[in-house]
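Working notes, structure below.
The values are calculated or read from the model by the stated rules, or taken from the named source; none is laboratory data. Keep in mind that what you see is a predicted model, and the values were worked out from it rather than measured. Cβ: placed from backbone, ideal geometry, glycine included. Neighbour counts: every protein chain shown. Each accessible area value is taken on the protein alone, full model and side chains, heavy atoms only, with ligands, DNA and RNA left out. Shrake-Rupley method; radii C 1.70, N 1.55, O 1.52, S 1.80 Å.
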Amino acid sequence: QVQLVESGGGSVQPGGSLRLSCAAPGIIFSIYNMGWYRQAPGKQREFVARIFSSGSTMYSDSVKGRATISRDNAKKTVYLQMNQLKPEDTAVYYCNSELGGSTNWGQGTQVTVSS
């Protein structure tokens, strides 16, 4: 079982920024593909961003240009920098790991964007 521990959520005003972190201390982190998903109240969980073990990245259209996913293999941590936050970014953000078709999820961290 892969343990993923998210942090960095909170409340921010529209236009603000947050950096989410997800630590995965118990795995050979560098070989995993890592991602972020989010789930807003009453909606299905949706993809936000992914960074592959190679370092290549992909983003949903809803955050492209406002979000940056990165990883620090030495710290076994993946980050999601979110800028120009909008009220519609309000959701619980979940970290995801994937290796060979096997996926694991963190418990989530709340992000609230409100004035």
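Quick one: which of Gly55, Gly8 is surrounded by fewer than 15 Cβ atoms within 10 Å (Cβ to Cβ) and in contact with a strand residue (DSSP E or B) (Cβ under 8 Å, 6 or more places away or on another chain)? It would help to see each step written out before you state the result.
Numbers: Gly8 fails: surrounded by fewer than 15 Cβ atoms within 10 Å (Cβ to Cβ).
Of the residues listed, the single one that is surrounded by fewer than 15 Cβ atoms within 10 Å (Cβ to Cβ) and in contact with a strand residue (DSSP E or B) (Cβ under 8 Å, 6 or more places away or on another chain) is Gly55.
Within region 12-28, work out how many residues are part of a strand (DSSP E or B) and over 16 Å from Asn83 (Cα atoms). Please lay out each step first, then the result.
Going through region 12-28, the residues part of a strand (DSSP E or B) turn out to be 12, 18-23.
With over 16 Å from Asn83 (Cα atoms) added as a condition, the list becomes 22-23.
Within region 12-28, residues that are part of a strand (DSSP E or B) and over 16 Å from Asn83 (Cα atoms) number 2.
If the condition is being loosely packed, with under 13 Cβ neighbours inside 10 Å, at pLDDT 95 or above and within 24 Å of Pro25 (Cβ to Cβ), then region 73-102 contributes only Ala74. The set of residues from region 19-28 being open to solvent by less than 30 Å² (accessible area, probe 1.4 Å) and touching a residue at least 60 places away in the same chain (Cβ under 8 Å) comprises Leu20, Cys22, Ala24, Ile27.
Taking each residue of region 80-99 that is among the aliphatic types (A, V, I, L, M) and looking for partners that are assigned to a loop (DSSP other than H, G, I, E, B) and crowded, with 22+ Cβ neighbours inside 10 Å with beta-carbon atoms closer than 6 Å, six or more apart or interchain, yields Leu99/Tyr32.
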